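Trainee: So that we are looking at the same thing, I have put the structure below in structure tokens.
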Amino acid sequence: MRSVCIVGVKAELGAGTRGASLGFDAVRIASLSKNKSFFQQYPCYEALVSNEALFYDTPYKFAKYIDYILKNQVEICEQIHWYLQKDYFPFIISGDHSSASATIAGIKKTFPDKTLGVIWIDAHADLHSPFTTPSGNMHGMPIAMALAEDNLSQQVNEVNASTIFYWEKLKNLGIKGAKFSPNHLVYVAVRDTEPQEDAFIAQNKIRNYTVEEIRRRSVEVVVREILDEKLADCDLIYISFDVDSMDSSISIGTGTPVAGGLSVNEAKEINTLLVQDMRVCAWEMVEINPLLDTKGNKMAEVAFEVLENTIFQSLVSGSYEKSEVTSLSV
């Protein structure tokens, strides 16, 4: 039986606005008024990442801070690999979404012969590469990193050799090449994409369950279809939950809120139903930015509700168990 642990990843080099690195602490503060003992109930560890590069200019126009992001991702990959080897189920609270590719790399390093499925609950597809990005912000690139995908048929940028050098390193993090197949990628609530991403999604027939479809068909029906049909051939599943998948009236404290998203209850129900599948090996929540929250710490409070509910339901289902609270080290 796998044991639950919580991992904080204070990464924000990939974001276009500052403050995502504070998300983990904001969620812990939110727990004080909602469930004060929550973070005492599980082994809790903070990944060793650095954001010092933000105090310097980056020469990488189409992949900002890619050299330092690589250093952070090597560390994150190794730590996720360690937890999984120890038979932990990591619930990860990350800063910007670029770190998700390192989590995926850590999973594949641990289970190189297993077929991995990815459920990406997000307002954005995060499929850009340095060759296609309109912003150069790498939180829009984790899926492309994990797929080892340049999307050159949609190239709009001329990328220099040093950027390509680091990009290749990121694509081959953990194990060489793609960590999963586009056939085993499922989007949930994605609604803000660029033409380059749309072309790749259409070419690879990647399924996106829109908010409208989820409401029309019901959360339970959609989740069952994802698990029993779309990812039926997968041995393992990774879930990535970006808080901007929720409606912009809810996801105020995040870098790129988008209207027309999930409600809090829908986010809770989707995550709790998904995580009860025994193939799920890691769950990650990202992009909580208290510096952008105009309602105090409201975004983190909502995020904590989703986290608490998801962990609780995973324990109730019998999929995982509480472990003895000890200090984790790698």
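Trainee: Can you name every residue in region 96-132 that is crowded, with 24+ Cβ neighbours inside 10 Å and either free of Cβ contacts under 8 Å to residues at least 12 places away in the same chain or part of a loop (DSSP other than H, G, I, E, B) (or both)?
Mentor: 96, 122, 123, 124, 125, 126, 127, 128, 129, 130, 132
Trainee: Write out, first by first residue and then by second, each pair whose Cβ atoms fall under 6 Å of each other, whose residues are 6+ apart or on separate chains, and whose first residue, in region 59-76, is more than 22 Å from residue 127 (Cβ to Cβ) while the second is buried (at least 20 other Cβ atoms within 10 Å of the Cβ) and not acidic (Asp, Glu).
Mentor: So the pair list comes out as 68/13.
Trainee: I would also like to ask the following. So which residues in region 62-87 are buried (at least 20 other Cβ atoms within 10 Å of the Cβ) and among the aromatic types (Phe, Trp, Tyr)?
Mentor: Across region 62-87, the qualifying residues are 62, 65, 68, 83.
Trainee: Then there's this: Looking at (1) part of a helix (DSSP H, G or I); (2) surrounded by fewer than 22 Cβ atoms within 10 Å (Cβ to Cβ); (3) not aromatic (Phe, Trp, Tyr), which is the only condition residue 59 fails?
Mentor: (1)
Trainee: Related question: Would you mind stating whether residue 49 is under 19 Å from residue 106 (Cα atoms), within 14 Å of the chain's Cα centre (by Cα), modelled with pLDDT of 95 or more and not aromatic (Phe, Trp, Tyr)?
Mentor: Details: under 19 Å from residue 106 (Cα atoms): yes; within 14 Å of the chain's Cα centre (by Cα): no; modelled with pLDDT of 95 or more: yes; not aromatic (Phe, Trp, Tyr): yes.
Considered against the rule, which asks whether it is under 19 Å from residue 106 (Cα atoms), within 14 Å of the chain's Cα centre (by Cα), modelled with pLDDT of 95 or more and not aromatic (Phe, Trp, Tyr), residue 49 comes out as no.
Trainee: Would you tally the residues in region 13-55 being part of a loop (DSSP other than H, G, I, E, B) and touching a Phe, Trp or Tyr at 6+ places or on another chain (Cβ under 9 Å)?
Mentor: Quick first cut of region 13-55, residues part of a loop (DSSP other than H, G, I, E, B) only: 13-19, 35-37, 41-43, 47-51.
Among the residues that remain, those that are also touching a Phe, Trp or Tyr at 6+ places or on another chain (Cβ under 9 Å) are: 13-14, 35, 42-43, 50-51.
Matching residues across region 13-55 total 7.
Trainee: It is to be established whether one or more residues within region 161-173 are surrounded by fewer than 16 Cβ atoms within 10 Å (Cβ to Cβ), at pLDDT 95 or above and assigned to a loop (DSSP other than H, G, I, E, B).
Mentor: yes
Trainee: Here is a list of conditions, (1) among the hydrophobic types (A, V, I, L, M, F, W, C); (2) modelled with pLDDT of 95 or more; (3) touching a helix residue (DSSP H, G or I) at 6+ places or on another chain (Cβ under 7 Å), and residue 20 meets all of them except one; can you say which number that is?
Mentor: Status for residue 20: all satisfied but (3).
Trainee: Kindly indicate whether residue 79 is more than 13 Å from residue 282 (Cα to Cα), modelled with pLDDT of 95 or more and either among the aliphatic types (A, V, I, L, M) or not in a loop (DSSP other than H, G, I, E, B) (or both). Walk me through how you get there before you give the answer.
Mentor: Numbers: more than 13 Å from residue 282 (Cα to Cα): no; modelled with pLDDT of 95 or more: yes; either among the aliphatic types (A, V, I, L, M) or not in a loop (DSSP other than H, G, I, E, B) (or both): yes.
For residue 79, the condition - more than 13 Å from residue 282 (Cα to Cα), modelled with pLDDT of 95 or more and either among the aliphatic types (A, V, I, L, M) or not in a loop (DSSP other than H, G, I, E, B) (or both) - is not met.
Trainee: Within region 205-228, is there a residue that is within 27 Å of residue 85 (Cβ to Cβ) and not hydroxyl-bearing (Ser, Thr, Tyr)?
Mentor: Step one: list which residues in region 205-228 are within 27 Å of residue 85 (Cβ to Cβ), which gives 227.
Next cut, not hydroxyl-bearing (Ser, Thr, Tyr) only: 227.
Looking through region 205-228, at least one residue is within 27 Å of residue 85 (Cβ to Cβ) and not hydroxyl-bearing (Ser, Thr, Tyr).
Trainee: Considering only residues that are under 23 Å from residue 287 (Cα atoms) and surrounded by fewer than 17 Cβ atoms within 10 Å (Cβ to Cβ), which ones fall in region 133-160?
Mentor: Those that are under 23 Å from residue 287 (Cα atoms) and surrounded by fewer than 17 Cβ atoms within 10 Å (Cβ to Cβ): 134, 135.
Trainee: Scan region 194-231 for residues that are within 27 Å of residue 134 (Cβ to Cβ), in a loop (DSSP other than H, G, I, E, B) and either among the aromatic types (Phe, Trp, Tyr) or in contact with a strand residue (DSSP E or B) (Cβ under 9 Å, 6 or more places away or on another chain) (or both) and jot them down.
Mentor: 206, 210
Trainee: Further question: Scan region 255-288 for residues that are within 13 Å of residue 119 (Cβ to Cβ), assigned to a helix (DSSP H, G or I) and charged (D, E, K, R) and report the count.
Mentor: The qualifying residues number 0.
Trainee: Taking region 174-217, which residues are among the β-branched types (Val, Ile, Thr), surrounded by 19 or more Cβ atoms within 10 Å (Cβ to Cβ) and without any contact (Cβ under 8 Å) to a residue 40 or more places away in the chain?
Mentor: 206
Trainee: Among the residues of region 22-53 satisfying the criterion of being among the small types (Gly, Ala, Ser) and within 16 Å of residue 301 (Cα to Cα), which is surrounded by the fewest Cβ atoms within 10 Å (Cβ to Cβ)? If you could, list the steps in order and put the result at the bottom.
Mentor: Within region 22-53, the first condition is being among the small types (Gly, Ala, Ser), and the residues that meet it are 23, 26, 30-31, 33, 37, 47, 50, 53.
Now restrict to residues that are within 16 Å of residue 301 (Cα to Cα): 23, 26, 30-31, 33, 37.
Details: 23: 31, 26: 23, 30: 25, 31: 19, 33: 10, 37: 8.
That would be 37.
Trainee: Identify, from the list 307, 291, 315, 274, the residue that is out of contact with any His (no Cβ under 6 Å at 6 or more places or on another chain), closer than 27 Å to residue 108 by Cβ, of a type outside the set (Phe, Trp, Tyr) and surrounded by fewer than 22 Cβ atoms within 10 Å (Cβ to Cβ). Steps first, please.
Mentor: Details: 307 fails: surrounded by fewer than 22 Cβ atoms within 10 Å (Cβ to Cβ); 291 fails: closer than 27 Å to residue 108 by Cβ; 274 fails: surrounded by fewer than 22 Cβ atoms within 10 Å (Cβ to Cβ).
Answer to the selection: 315.
Trainee: Would region 235-242 turn up any residue that is outside any helix (DSSP H, G or I), surrounded by fewer than 18 Cβ atoms within 10 Å (Cβ to Cβ), among the charged types (D, E, K, R) and modelled with pLDDT under 95?
Mentor: At the first step, the residues of region 235-242 found to be outside any helix (DSSP H, G or I) are 235-242.
Then keep just the ones that are surrounded by fewer than 18 Cβ atoms within 10 Å (Cβ to Cβ); that gives 235.
The next check asks that each one be among the charged types (D, E, K, R); those that pass are 235.
Now restrict to residues that are modelled with pLDDT under 95: none.
No, region 235-242 has no match at all.
The values are calculated or read from the model by the stated rules, or taken from the named source; none is laboratory data. In this text the structure is predicted, and so the values were computed from the model without any measurement. Using ideal geometry, Cβ is built from the backbone for each residue, glycine included, and neighbour counts are taken over all protein chains shown.
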